[in-house]
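J.: Take this structure, written in structure tokens, and hold onto it; I'll ask about it next.
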Amino acid sequence: MGGTDKFRYPSVWLCGLLCLLQVVPSINVDVSGCQPGFSSANYTFSVNRRELERGRKLGKVNLVDCTTRKHGLYDVGDSRFRVLPDGTVLVKRHVKLHSKDTRFTISTWDARGIKHSTNISVVNKRHRSGEEARSRSSELPVLTFPEKHTGLKRKKRDWVIPPIKVSENERGPFPKRLVQIKSNKEKLSKVFYSITGQGADTPPEGIFRIEKETGWMQVTRPLDREEYEKYVLLSHAVSENGASVEEPMEITVTVIDQNDNRPKFTQPVFRGSVREGVQPGTKVMSVSATDDDDSIDSLNGVIAYSILKQDPEEPIPNLFTINRETGVISLIGTGLDREKFPEYTLTVQAADLDGAGLTAEGKAVIEITDANDNAPIFDPKTYTALVPENEVGFEVQRLSVTDLDMPGTAAWQAVYKIRVNEGGFFNITTDPESNQGILTTAKGLDFEVRKQYVIQITVENAVPFSVPLPTSTATVTVTVEDVNEAPVFVPVVSRVDVSEDLTRGEKIVSLVAQDPDKQQIQKLSYFIGNDPARWLTINKDNGIVTGNGNLDRESEYVKNNTYTVIMLVTDDGVPVGTGTGTLILHVLDINDNGPVPSPRVFTMCDQNPEPQVLTITDADIPPNTYPYSVSLSHGSELTWKAELDSKGTSMRLSPTQQLKKGDYSIYVLLADAQANRQLTVVNATVCICEGKAIKCQEKLVAGFDLPIILVILGSILALLILSLLLLLFLKRKKVVKEPLLLPEDDTRDNIFYYGEEGGGEEDQDYDLSQLHRGLDARPDIMRNDVVPTLMSVPHYRPRPSNPDEIGNFIDENLDAADNDPTAPPYDSLLVFDYEGSGSEAASLSSLNSSNSNNEHDYNYLNDWGPRFRKLADMYGGDDDDDEE
């Protein structure tokens, strides 16, 4: 259909509508009701530019709402535009108008929820018509290089080189001519043409080429707009000698899109949810698809959505609808029920060319979420239970309910209530796992008071019902079971005043207990549960409590003048019931304690002593205490004086004369307000001091204090230990020198084995580092086995610097060492390596070694120096010996 035919029928429909509007008033002039909707079914907004900036105002639509509402909410079918609440249409983001007019739809809903729509057209007045473009494309264009302008002044170009448009996926034949490039310099000389840039000599290379002499630019293979939307190249013109005759001209090749790509859904399966019972018009979810084709200059990439199938088709086939432009799925029907159909699967289609092109299918799964449209119902509705009396927290009954809502949700969770709960004897909670109601006792039930309870319990959900529903009620009949109850003291706590001088067997109180099991005739027995001081006795049969005659208010068991005893009472039932009571005795004081001074031992100086203050205490309580009176007796009044202070709670004790050092006993006689007297002996120690005595210094007979003597003894012991350690150290340091040679009497004949030393040196060089320790670095060792020979200290020649004199150096120092009487012998094992054959020195193995001692002559040892003379005397024989 041509561009003009596209609007033919809507124009006729619009004209007919206008005529109808003119005729209707004449037909029915009495129609005065307001009709909500847009004032016009079509709005046209004209612009005079191709690009529209963000925020540009295009026009305004007028909505008739028939209410006092002045503003509305609008849904725009094109995301590039938006509508203000007052109807003003604005550009939402930067827009390029690639066609003469751009169309979209604006929708809104009136107060009754009815949808109204109007069509919007944005017309570009400067857009060229399609017929003009087609007439121009009938011939291939010729592009001529613009003329150069000389001079310093830059001139503005008077024309723009249009882009070359090539459709993608063309069949050929290839290469195919696109445009011819010409230079005006061809009239003057031969011109050669070339192109550079994307698609020519840069990737992707070889798509475009140019005939060097004619200037025809060619495409060599089909193009793909999804790979490259356009190519930018530079054309060049040079002369025969290679000189540039024109400035490079930019050429843009635009690839025209073809609908060669199907839409693709962005997800294999779309998932959404909607609560059951919602009203029609509720948005559920959205789906989306993409298309690689162009959606700006053509409809190849414009996608339209539709629903092909609904599964299940219950309660009606078309429960949902989809916005063909945005892919938003909404609910248009009623009857969603999760308990019947918890899920719907929609087969959706995305088609390009605005719904008329290639298609793709996808899945949209809609989960129906639970609404509280089902009330919990008791099953069963009546219960009976048997509960023992006096049990608190006893589980009476578990109540079960059925709820068709989704388990685990708030619409399924049961909340139980007791309709009438007189006295608050019962409590009910919900088990979170089973959703059962747990009925328990909040207080102990008494069989003797009431034998049966009838309880009514209602149940609801944790959230309110979404629709009006009846409330289920259950009835629980509770029968109280009689058990043997423990007897009870009346009262439970008994308080009695008793004097601490209570005589043995004297009655204190008669305790009374009652058995709650009035229908049973049981015998009660009384016992003492806890009597810390064992002061009381109770009659087992009648509960009369008597004293043992040893009460003492001042005892440690009496706290704040009270003494507490735990009493027990039992019956003879099965099992035996035991009751507990408390007997609190308020012990009355008698004047059985006299006042005493404190402290009873003190020290005092013999010179100008300070009076000693003694505090008076009485274990009794008023009026058996102060005011006190004090006096001295047994001769203490002759040397001491006692007087009370102003408060009468303490006394001052001081000597009447100067006392000598020593210990004194003072007899103090104190009496309380009831004339109860108490004689106390106070010990005083008089020290040699003056004023206030803190502590007397103890002296020993020798005149030294004990700490000083201990320090002296410790010092003496330490000196003895140090002396012993020093002697041991000196003994260990003493060195006993052993004689170097054995004495004459100790000489023994021994067989010595000497290893044969053979071989010789292969070279004549001397290794001076092998000399033992150096001749000048010997230790100073004194001999003590023979009388020293009075000889001068040998003189050793220093090592010469000239290597030629090494031989003389060794001979002279060897001779000096042989004649050194102070030099000890140094025996060591000499190891000689085999140095090969050809040595000038003869082998030591050639010497004849005899195995007989008689063949040895040790007289040569005398020639070896004083160190070997002892050996010569031991082994060497003289001529006289030989003759013998």
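FYI, it's all coordinate maths here, none of it is from the lab. Please read these numbers as outputs of a predicted model, since none were measured by experiment. Neighbour counts are summed over all protein chains in view; Cβ atoms, including those assigned to glycine, are modelled from backbone coordinates with ideal geometry.
J.: For the stretch 448-505, how big is the tail of P(r) above 19 Å, as a whole percent of Cα pairs?
T.: Details: 1143 of 1653 pairs.
The calculated P(r) of the stretch 448-505 puts 69 percent of pairs beyond 19 Å.
J.: Sticking with this structure for a sec: Take every Cα pair under 8 Å in the stretch 488-588 that's 6+ residues apart, average their separations, divide by the length, and report that relative contact order as a whole percent.
T.: Details: 226 pairs, mean separation 38.9, N = 101.
Rounded, it is 38 percent for the stretch 488-588.
J.: Now for a different question. Between Asp354 and Lys57, what is 0.36 nm times their sequence separation minus the Cα-Cα distance? Round to one decimal in nm.
T.: Details: separation 297, 0.36 × 297 = 106.92 nm, distance 2.68 nm.
Taking 0.36 nm per residue and subtracting the Cα distance, the gain is 104.2 nm.
J.: Suppose a student asked you for the relative contact order of the stretch 545-615, using Cα pairs under 8 Å spaced at least 6 residues apart; what percent would you report?
T.: Details: 55 pairs, mean separation 16.7, N = 71.
Relative CO of the stretch 545-615 lands at 23 percent.
J.: Also, I was wondering about something else. Which cross-chain or sequence-distant (5 or more) residues have an amide H under 5 Å from the amide H of His116, H modelled 1.01 Å from N in plane?
T.: Thr108, Trp109, Asp110
J.: Between Thr345 and Gln279, take the C-beta separation as r, use R0 = 22 Å, and let me know the FRET efficiency to the nearest 0.05.
T.: Numbers: r = 23 Å, r/R0 = 1.03.
Plugging the Cβ-Cβ distance into 1/(1 + (r/R0)^6) gives 0.45.
J.: Only Lys, Arg, Asp and Glu count, each charged at its Cβ (+1, +1, -1, -1), so figure out the dipole size of the stretch 37-124 about its Cα centre, rounded to 20 debye.
T.: Details: 17 positive and 8 negative charges, 68 e Å.
So the dipole magnitude of the stretch 37-124 works out to roughly 320 debye.
J.: So which of Lys125/Lys182; Lys100/Lys264; Lys115/Lys283; Lys559/Lys647; Lys96/Lys125 end up more than 24 Å apart, counting from Cα to Cα?
T.: Lys125/Lys182; Lys100/Lys264; Lys559/Lys647
J.: Pull up all non-local amide H partners of Ala513: gap of 5 or more, or a different chain, and H-to-H distance under 5 Å with H placed in the peptide plane.
T.: Val490
J.: Please sort 798-808, 248-258, 549-559 by packing, taking for each peptide the average over its residues of neighbouring beta carbons within 10 angstrom, highest first.
T.: 248-258, 549-559, 798-808
J.: With charges only on Cβ, +1 for K and R and -1 for D and E, what is the dipole size of the stretch 488-588 about its Cα centre, in debye, rounded to 20? Present the calculation step by step, with values, prior to reporting the outcome.
T.: Numbers: 9 positive and 13 negative charges, 23 e Å.
Roughly 100 debye for the stretch 488-588.
J.: Same structure again: Choose one of Tyr526, Met567, Val488: the residue whose Cα lies farthest towards the positive end of the charge dipole of the stretch 488-588 (beta-carbon charges +1 Lys, Arg; -1 Asp, Glu; about the Cα centre).
T.: The residue sitting most towards the positive pole is Val488.
J.: Over all pairs of distinct alpha carbons, what does the Kirkwood formula give as the hydrodynamic radius of the stretch 488-588, in Å? All intermediate terms of the calculation are to be shown ahead of the outcome.
T.: On the way: mean 1/r = 0.0712 Å⁻¹.
Kirkwood hydrodynamic radius for the stretch 488-588: 14.0 Å.
J.: While we're looking at this one, here's another question. Would you please put 234-240, 367-373, 198-204 in order of how densely packed they are, using the mean number of other Cβ atoms within 10 angstrom per residue and starting with the highest?
T.: Details: 234-240: 17.6, 367-373: 19.7, 198-204: 15.6.
The peptides rank, most packed first, as 367-373, 234-240, 198-204.
J.: Near the amide H of Val245, under 5 Å away, which other amide H atoms are found, from residues 5 or more places off or on another chain, if H is placed in the peptide plane?
T.: Here the answer is Ala237, Val238, Ser239, since their amide H atoms fall under 5 Å of that of Val245.
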